[in-house]
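For reference, the structure is listed below as structure tokens.
The values are calculated or read from the model by the stated rules, or taken from the named source; none is laboratory data. Given the structure is predicted, the values throughout are model-derived calculations rather than measurements. All Cβ positions, glycine included, derive from the backbone under ideal geometry; neighbour counts span all protein chains shown.
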């Protein structure tokens, strides 16, 4: 067929029953229009089904009277002259439904001319509803815009690791101007590439998506903290030669978050240090007594030995050996107390270490034992026989225990209890290490319980209200949680308050950012 043949068409006989049946049964709208004003001259039943208008409401009226105003102007200015000149044109436009809303149509118009005179006889239009297609295209465009402006780094690649697209964040993150010629081999470290090939892509291929948080390394990242968040597999794209899988890789830049968390930990460390110093100030008399005991014993042993020598009762050096041993023992005891004090007061950065929980609990109890004895409070240790092992900042965890024990001691202050006692319990379940501190004092008032962990809220006249607030902050920094249950004392029934600390056995990969 020549261009001239394609340009002009001869109308089929209108009385042809076969053509008439096809037109009437077609799901597409088929219409003819009058040259000049583009008025409907014939329509098939699909018009009423799709647009809602009856034949009487359409015939004789220009088709563009039903168009959206913007599209009507475009039809008049560009499309009608092009159809007259070239014979065939396809046009997308919005048209009005009888119910009042606009929807999308696509029409292919053919101009029919007399084969001899080339005089324009009419225009035939075949029209279909493309609203779902347009909505899908708009959704895809919106999605593309979201991907392009996303702060996440988005990379599209094929099974050969050839990169076909990188959003603006990815180009900026990898310090590139274009993704042309890029491969994952040039973007990621060999370790990341091996993990992607051997572990991640098979899961994405099988399930359609993979999600995780491995750390990514690349010469393009410098010292930034990047994690691979997601890999998605797309439906195969049918090409002329073969189908090919496509993947998208989504990377998160957590550098700012890491800096913010480090600053937060530093601030928390400063608050915790202030809280430890404050706690030591409140326990000053007990600490003085604890240190004074070994010093007094050392002094007594030394004076006793000196008197025995002066009186002549001791004449051989060997007799002094047991006394010197006891002096050394008491001096070592004093040194350990001072060492423990210095460790607690020392301002240190957040640092994790693995240690046994039970010995740490015994050490803390020894630290506050004199204060408990002074208040007549008994402490009961119920420690797990499994010897739970914990990965945490030991100094901060000991501070949590001190804060909870001192909080329990404070519940008895100024009250006459026949048998004041505190219970410290350790244990574990499948996922967590469990620490419980229980007192049997008056309990916590329900209206005060909700404010318990808020800063500067204290039931003590001289308290700053920071102990429990800092305790919760430390616990949550370690990925754990703290809960409180309390039963206020009533007539014939004693009170009971239980603080439960849960700390995870496994530390997450992002916990040490």
- Message: Quick check on the range 421-431. Is at least one of its residues part of a helix (DSSP H, G or I), surrounded by 17 or more Cβ atoms within 10 Å (Cβ to Cβ), in the same structural domain as residue 475 (by TED's automatic domain parsing) and over 29 Å from the mean Cα position of the chain (by Cα)?
- Response: no
- Are any residues in the range 128-148 under 25 Å from residue 27 (Cα atoms) and in contact with a helix residue (DSSP H, G or I) (Cβ under 8 Å, 6 or more places away or on another chain), and if so, which ones? 129
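Looking at residue 40, is it modelled with pLDDT of 90 or more, surrounded by 11 or more Cβ atoms within 10 Å (Cβ to Cβ) and in a helix (DSSP H, G or I)?
On the way: modelled with pLDDT of 90 or more: yes; surrounded by 11 or more Cβ atoms within 10 Å (Cβ to Cβ): yes; in a helix (DSSP H, G or I): no.
No, not satisfied.
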- Query: If you take the residues in the range 469-483 that are at pLDDT 80 or above and either within 16 Å of residue 408 (Cβ to Cβ) or out of contact with any helix residue (DSSP H, G or I) (no Cβ under 8 Å at 6 or more places or on another chain) (or both), which one is surrounded by the most Cβ atoms within 10 Å (Cβ to Cβ)?
  - Reply: 471
- Task: Would you be able to say whether some residue in the range 323-343 is assigned to a loop (DSSP other than H, G, I, E, B) and either modelled with pLDDT under 75 or over 40 Å from the mean Cα position of the chain (by Cα) (or both)?
- Result: no
- Query: Scanning for something assigned by TED's automatic domain parsing to the domain that holds residue 31 and either more than 57 Å from the chain's Cα centre (by Cα) or assigned to a strand (DSSP E or B) (or both), does the range 131-138 turn up at least one residue?
  - Reply: no
- Note on the structure: Condition set assigned to a loop (DSSP other than H, G, I, E, B) and touching a helix residue (DSSP H, G or I) at 6+ places or on another chain (Cβ under 8 Å), scope the range 177-206, selection farthest from residue 246 (Cα to Cα): answer is 177
- Message: Whether any residue in the range 344-362 is outside any loop (DSSP other than H, G, I, E, B) and modelled with pLDDT under 75 is what I want to check.
- Response: yes
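Could you please give the count of residues in the range 139-173 that are part of a loop (DSSP other than H, G, I, E, B) and over 23 Å from residue 198 (Cβ atoms)?
Keep residues of the range 139-173 that are part of a loop (DSSP other than H, G, I, E, B), which gives 150-152, 158-161, 167.
Pick out the ones that are also over 23 Å from residue 198 (Cβ atoms) and you get 150-152, 167.
Residues that pass the stated criteria total 4.
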